[in-house]
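Scroll down for the structure; my scribbles are underneath it.
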Ligand code: PEP
Ligand code: MG
């Protein structure tokens, strides 16, 4: 994957997920070490290894105490007591003495000795027929992970990283909750070993406008803190020690990109209408209430998808109904009279809450996710429904349920919504009684019963990120099968077409809020398939609008007709790409 040049430059190739170019010093946040390798050290090296271990233990203790303190503040001492057990593991002298003895007697690294002995303890505890002791195994594993991360210099990846200087973050993986907390001024860009275009980490990168490359396989093991890299999020490259010539070439590219951005912003306040007069609703996807600024800045027609789960993750406690209401009303009021589609909690898959420990699942994307979670955890769901209803009094709010697979779930969700309406009514709390209710179409089963669903909702929004993964059985976040994740697969296009037909037959509108909508190569195809709305990361709105204004709708319909007849996904993709390129060549100029 990496190419070494005589110049000393080394190029790593991955998957581009967030356009933009940056350069800076590397900061490695985490490295994948599935096994801790046996590592012999010399006798003279042993004291240094013991010192490393001690430093890692001190750092771990400090991190645990900080979390304990935060949790105690937010949720009370009882909830924080779990961390006492973690601290006890660290203070277990028998365990630590045994680790030191192993280092001295066998002359092995601190990592290896600690891992071996801790695992031996965990296995012994796990084998005892006592529930309390078995639970301590989980504490032990948690602590072991923290200590090993500190030994490897990766810092503490369980909490948001404290990044003090601007840097290019390199990691084996980045969770959406950590990424959501990145400070745009400090994180110039990021590169990860794993990941894909439709992971929520990549989605956040685009929304935060942080250049990013993922799927770089082993980059986190190959780069060290302080090395200098250039990251090209347009073409998916990370260049270690870029030469003057490379920097010069990229200087030109960056200037060209800046020129293009200015040109694109010219269309910001113009309508998203094709050359032959077909109007498209072009809205934005947001993750935080503060993204409203970006929605307005980029000229979107409201919000087509508010991913509310980001209010819940990356924090120690659940947001209260009131806190949620404030966030929803802030967006609704700022964008009024434009629509704001608030999607109910879509937890699970690759989005987890730090404070709510959900049991690990074998197939999280097929598991206890989104509406399935909400229909069981009705207290959490109803709190959110009430907050959304209350916000509907202050703007053009629409509610949308994710992961609906059939009529039963829609009816159950609506019954809970009705209960919430009645509760608010009883208290005299205002809300919009006619608030539109829509669903995401992201499960093939929902497409198959789209006619029946369409009769009972006000709109559909196609979640193509999930629809593609479920239709093709391709995990959307696994870079190893990213080549199989094919938005132009004939089966996917037929699913979209069927959804559009069912929606239009019932007289409702249908949008696309998955990443397909923000890919210029695919936009003409989606318009030709008849979708009424596109909702994309706010920073992408000008580019998509620029493109729409250069298309003829009639021609996009011919393109879609061709695609629906064609049997090859790659042929459809090249035809669609050529079509979009011909309409707006400047959008593709910097792609190699
Ligand atoms: C989708 O699945 O396309 C979608 C928009 O939802 P998310 O990416 O949050 O799963
Ligand atoms: Mg989805």
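Derivation of every value follows stated rules applied to the coordinates shown; laboratory data play no part. The structure displayed is predicted, hence computed values, not measured ones. Glycine gets a Cβ as well: all are built from the backbone with ideal geometry, and neighbour counts include every protein chain shown.
What value, in deg cm²/dmol to 500, does the helix sum -39500 (n - 2.57) over DSSP H runs of n ≥ 4 give at 222 nm once divided by the residues of the chain? Mean residue ellipticity, 222 nm, calculated: -14500 deg cm²/dmol. Computed extension length for residue 255-residue 567: 108.3 nm, one decimal, from 0.36 nm per residue of separation with the Cα-Cα distance subtracted. Under the simplified labelling scheme, the residue 296-residue 97 pair shows an inter-label distance of 6.6 nm, with each label point 7 Å from Cα along Cα→Cβ. DSSP assigns beta bridges within the chain; of those with both partners inside it, close to 35 percent run antiparallel. Listed from fewest to most Cβ neighbours within 10 Å, the set 366, 125, 311 follows the order 366, 125, 311. Taking only Cα atoms, what is the 0 to 90° angle, nearest 10, from helix 321-335's long axis to the longest principal axis of the chain? So the inclination is approximately 40 degrees.
Placing R0 at 41 angstrom, the Cβ-Cβ distance between residue 269 and residue 501 gives a FRET efficiency of 0.75 after rounding to 0.05.
Between residue 54 and residue 449, how high is the FRET efficiency from 1/(1 + (r/R0)^6) when r is the Cβ-Cβ distance and R₀ = 51 Å? Nearest 0.05.
Here the calculated transfer efficiency is 0.25.
Within the chain, the percentage of alpha carbon pairs spaced more than 41 angstrom apart rounds to 29%. For the chain, the longest principal axis of the Cα atoms and the long axis of helix 244-265 meet at an angle of about 40 degrees. Against the chain, whose longest principal axis comes from its Cα atoms, helix 553-565 is set at around 60 degrees.
Note on residue 104 and residue 586: their simple-model spin labels are 7.2 nm apart, each label 7 Å out from Cα toward Cβ. Peptides 229-238, 291-300, 41-50, 177-186, ordered by how many other C-beta atoms sit within 10 Å of their residues on average, highest first, read 229-238, 291-300, 177-186, 41-50.
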